[in-house]
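Accompanying notes for the structure given below.
Throughout, read-outs are computed from the coordinates displayed, never taken from laboratory work. Worth saying up front: this structure is predicted, and the values here are computed from it rather than measured. No Cβ is skipped: glycine too gets one built from the backbone with ideal geometry, and neighbour counts run over all protein chains shown.
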Amino acid sequence: MALIVQKYGGTSVANADRIRSLANRVGRFKQKGHQIVVVVSAMSGETNRLIALAQEITPNPNPRELDVIVSTGEQVTIGMTCLALQELGYKAKSYTGSQVKILTDESHGKARIINIDGHNMQKDLAEGYIVVVAGFQGCDAQGNITTLGRGGSDTTGVALAAALKADECQIYTDVDGVYTTDPRIVPEARRLDKITFEEMLELASQGSKVLQTRSVEFAGKYKVKLRVLSSFQDEGEGTLITFEEDSKDNNMENPLISGIAFNRDEAKVIILGVPDTPGIAYQILGPIADANIDVDMIIQNQGADGTTDFTFTVHKNEMSKALAILRDKVQAKIHAREIKGDDNIAKVSIVGVGMRSHVGIASQMFRTLSEEGINIQMISTSEIKIAVVIEEKYMEPAVRVLHQAFELETA
Ligand code: ADP
Ligand code: ASP
Ligand code: MG
């Protein structure tokens, strides 16, 4: 007997029929004698619908109230899932995040999980219940409802698996595993049987929506056995996230690049003509961090004539907030020539542990893009990743040519 956490995404609970088929699958695992905790997302499109609904009242909804609204999507699906399981004759019990309780910090819209109380779930499992938990949500120490950021049900699933010391966490979605890149953009993309935890973390943080970044972080921290599978197929092993980086690293036959990620959600904040003096980066980025705005890439140009240019990227949703902070609080100190935003960008990243032991990957990437006439605006690298910012309209062609250039369809 194993304890398995199964997370089902929006398309897997899109309507009553899909929820019935989910219940059938869960039932098959239960009948094999396993204990099952199910985590569900909202029905596909529902979270977007709820955000748009709130925005009909105000374009900038209060974050606490927005969380109250968007968390209802998952509350509907836990109830629906339990009804479907009960119709099949199983004992099933639903929990919202605060009922569990999944304790988070107070950052509405991107809260971090601090602790999960497993007591009630463990008691239910011991009594033969299938436990069904709402993904994407928790509550802070004051009892306010919080949400974990888009795609956050993945994190609920992995965090529950860690807290309950589950034998495996299975992420059921609308693709049958992790691919070399999003198969919607590159139909030749290939499913990977395995991917290292490190590579998965880079792919997710560079924008591969198949797993939320924090879910991969949790899996790494607590060594959760994590697998991505299709909820539309009965067979198939999906993709296993492994922790054996070293063995792969040393194997010369392994591909240099494992996958390509892309992200349309970032925007550039550009500050032109600021004094090239110590402390300028802190003066610019300190207030941005204080406002809890995450910064991704940062570039400061080589100074000329005593001034320099400074560019960084943030989530598109936070660009206007970042610009307002710079104009209202920072400009009086730095006297920039110009402060402007550009959200017409995309980031494309190639990822692979094979990069560590090979030179020339970056030049191959840059050559491939230049042959397509694609201009690179920003570059950032890590040991196992090279990321470039380009104009948004070139994103899909860039992903396709890079997939071909690194022979990912055949590797
Ligand atoms: P869910 O609602 O089940 O959480 P998501 O839409 O969040 O599903 O994630 C699954 C989607 O992720 C796929 O449909 C696919 O378009 C996209 N995706 C992006 N990159 C990859 C990748 N490397 N491998 C597989 N899917 C990917
Ligand atoms: N329903 C949430 C979203 O659409 C969480 C999730 O699906 O993981 O982002
Ligand atoms: Mg998702």
Report the full-extension gain for the segment Phe232 to Asp305: residue separation times 0.36 nm, less the Cα-Cα distance, to one decimal in nm. 20.2 nm
Between Gly373, Gly109, Gly238, where does the largest GNM mean-square fluctuation fall for the chain, given springs only between Cα atoms within less than 10 Å? Gly373
Ranked Lys7, Lys110, Lys91, Lys393, criterion: other C-beta atoms within 10 Å, fewest first: Lys393, Lys91, Lys110, Lys7
So, R0 is 30 Å and r is the distance between the beta-carbons of Ala126 and Leu88; what FRET efficiency does that work out to, to 0.05? 0.90
How many percent of all Cα-Cα pairs in the range 300-352 sit more than 17 Å apart? 50
With label points set 7 Å from each Cα along the Cα-to-Cβ direction at Arg64 and Asn375, the distance between them in nm comes to 4.7
I want to verify a result. In a Gaussian network model of the chain, Cα cutoff 10 Å, which of these has the top mean-square fluctuation: Asp290, Asp174, Asp193? Asp290
Would you calculate the volume per residue, in Å³, of the smallest convex hull containing every Cα atom of the range 80-174? 102
Give the calculated FRET efficiency between Phe366 and Gln31 to the nearest 0.05, with a Förster radius of 45 Å applied to their Cβ-Cβ distance. 0.25
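Given a Förster radius of 56 Å and the C-beta distance between Glu338 and Asn24 as r, what FRET efficiency does 1/(1 + (r/R0)^6) yield to the nearest 0.05?
Calculated value: 0.40.
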Hey, what did the chain get for relative contact order, percent, Cα under 8 Å, at least 6 apart? 13
Students often get this wrong, so check it: of Lys32/Lys221; Lys91/Lys223; Lys101/Lys165; Lys101/Lys194; Lys123/Lys225; Lys110/Lys268, which have C-alpha atoms separated by over 26 Å? Lys32/Lys221; Lys91/Lys223; Lys101/Lys194
Principal axis dimensions, the range 118-247 - Cα atoms, whole angstrom, descending: 46, 32, 31
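On full extension of the chain, what length is gained from Gln99 through His358, given 0.36 nm per residue of separation minus the C-alpha to C-alpha distance?
Details: separation 259, 0.36 × 259 = 93.24 nm, distance 5.01 nm.
Computed gain between Gln99 and His358 is 88.2 nm.
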Normalised by the residues of the range 2-43, what does the relative contact order come to in percent, with Cα pairs under 8 Å and at least six apart? 66
Rounded to the nearest whole number, the per residue volume of the convex hull around the C-alpha atoms of the range 13-168 in Å³ is 96
Rg and Dmax of the chain over Cα atoms: what are they, in angstrom? 22.7, 77
